[in-house]
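The values are calculated or read from the model by the stated rules, or taken from the named source; none is laboratory data. Here the structure is a predicted model, which means the values were calculated and not measured. Every residue, glycine as well, gets a Cβ built from its backbone with ideal geometry; the counts of neighbours run over all protein chains shown. Note: areas computed on protein heavy atoms with side chains; ligands, DNA, RNA excluded. Shrake-Rupley method; radii C 1.70, N 1.55, O 1.52, S 1.80 Å.
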Amino acid sequence: KEVFSILGKNDQLMWIAITFLIFCFGQDLVNSFQMYYFAYILGDSTYLSFLGIINVIIGLLAVALFPVLTTKFKRRNLFFYSVVIMIIALIIYAFAGTNSVLVLIAAGLFNLPQPLVFLVVLMTITDTVEYGQLKIGHRDESLILSIRPLVNKLSGAVTSAIVGFTAVWVGMSGKATADSITDSNKMMFELIMFAVPIVFMLIATLLYKTKVTLTEEKHAEIVKELERTWKDISK
């Protein structure tokens, strides 16, 4: 109840939470579908181990470069560039078929910006603490910082249901093999795995661009105003 209450009072928190939720729907769908893709489209799930190694390396690289990238591009631009890279990766992924090298390149490219988006969102959510303090007159740090894991869990629950339903629908369950899946079912699976996430990411990007206005510069102004107000009160 308190979480939803603070979302209603802190508009920037609400919009970044909605944006991240929709983004996570797209991201989590692809990540969850990858096991099925490797097993039933590529026809060799052992490549998942190679993807795991790739993801660890590029994840560490992305996190290490985050401070430099945010200084050079700012958080908003970094979010937009990351989504563009992920969409390009999904297009490559969709046309990779059974080309294992191309599949791994596309999957790795899709995973590369994910830590960057996560950090951009996390930093923005953190900045809404001061935004809310200035707007409603008190800090709600613990409630605000609980929003991000709540969004992740909600997205995980929804996408798990979609993935499970889709797997049964297209016959990717039980004793099914790559050869037993019909071409029409493979096409339907790829449509849900690639096209639907792209739509989610585009919607999230539009919301971020139009509704999330809390930039680093805006947050710095808020902090200065809070410092001035605190000094005035202390006098």
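Hey, does the stretch 11-21 have a residue that's surrounded by 20 or more Cβ atoms within 10 Å (Cβ to Cβ), charged (D, E, K, R) and either touching a helix residue (DSSP H, G or I) at 6+ places or on another chain (Cβ under 6 Å) or in a helix (DSSP H, G or I) (or both)?
no
Go through F200, F189, F194 for me and flag whichever is touching a Gly at 6+ places or on another chain (Cβ under 6 Å) and under 29 Å from V103 (Cα atoms).
F200
If I ask for residues that are open to solvent by 30 Å² or more (accessible area, probe 1.4 Å), of a type in the set (G, A, S) and assigned to a helix (DSSP H, G or I), which ones from the stretch 121-149 would you list?
The answer is S142, and nothing else.
Any chance you could count how many residues in the stretch 203-214 are closer than 14 Å to M86 by Cβ and open to solvent by 70 Å² or more (accessible area, probe 1.4 Å)?
Count: 1.
Scan the stretch 134-164 for residues that are free of Cβ contacts under 8 Å to residues at least 60 places away in the same chain and under 29 Å from P115 (Cβ atoms) and jot them down.
R139, E141, S142, L145, P149, K153, A157, A161, G164
Being among the β-branched types (V, I, T) and under 21 Å from the mean Cα position of the chain (by Cα) is the filter here, so list the residues in the stretch 4-46 that pass it.
Within the stretch 4-46, I16, I18, T19, I22, V30 meet the criteria.
Looking at (1) at pLDDT below 95; (2) farther than 29 Å from Y131 by Cβ; (3) not hydroxyl-bearing (S, T, Y), can you tell me which one P197 breaks?
Looking at each condition in turn, P197 falls short on (1).
Here are some residues: V30, V63. Which one is loosely packed, with under 14 Cβ neighbours inside 10 Å, hydrophobic (A, V, I, L, M, F, W, C) and in contact with a helix residue (DSSP H, G or I) (Cβ under 7 Å, 6 or more places away or on another chain)?
Of the residues listed, the single one that is loosely packed, with under 14 Cβ neighbours inside 10 Å, hydrophobic (A, V, I, L, M, F, W, C) and in contact with a helix residue (DSSP H, G or I) (Cβ under 7 Å, 6 or more places away or on another chain) is V63.
Provide a single number: the residues in the stretch 37-52 that are farther than 15 Å from A178 by Cα, surrounded by 16 or more Cβ atoms within 10 Å (Cβ to Cβ) and aromatic (F, W, Y).
0
Return the residues of the stretch 152-197 that are open to solvent by less than 70 Å² (accessible area, probe 1.4 Å), in a helix (DSSP H, G or I) and over 30 Å from T19 (Cβ atoms); say none if nothing qualifies.
Passing the criteria: N185, K186.
Is it true that V117 is crowded, with 20+ Cβ neighbours inside 10 Å and of a type in the set (A, V, I, L, M, F, W, C)?
yes
Quickly run through the stretch 80-99 and pick out the residues that are at pLDDT below 90 and among the hydroxyl-bearing types (S, T, Y).
Of everything in the stretch 80-99, just one residue is at pLDDT below 90 and among the hydroxyl-bearing types (S, T, Y), namely T98.
Assess whether F200 counts as being in contact (Cβ under 8 Å) with a residue 60 or more places away in the chain, open to solvent by 50 Å² or more (accessible area, probe 1.4 Å), part of a helix (DSSP H, G or I) and hydrophobic (A, V, I, L, M, F, W, C).
Criteria met by F200.
Determine, yes or no, whether I22 is over 16 Å from Y93 (Cα atoms) and in contact with an Asp or Glu (Cβ under 6 Å, 6 or more places away or on another chain).
no
If you go through the stretch 106-116 one residue at a time, do you hit one that is under 23 Å from D183 (Cβ atoms), small (G, A, S) and free of Cβ contacts under 8 Å to residues at least 24 places away in the same chain?
yes
Looking only at residues in the stretch 66-83 that are within 17 Å of F110 (Cβ to Cβ) and not hydroxyl-bearing (S, T, Y), which one is most open to solvent (accessible area, probe 1.4 Å)?
Checked the stretch 66-83; the qualifying residue most open to solvent (accessible area, probe 1.4 Å) is F80.
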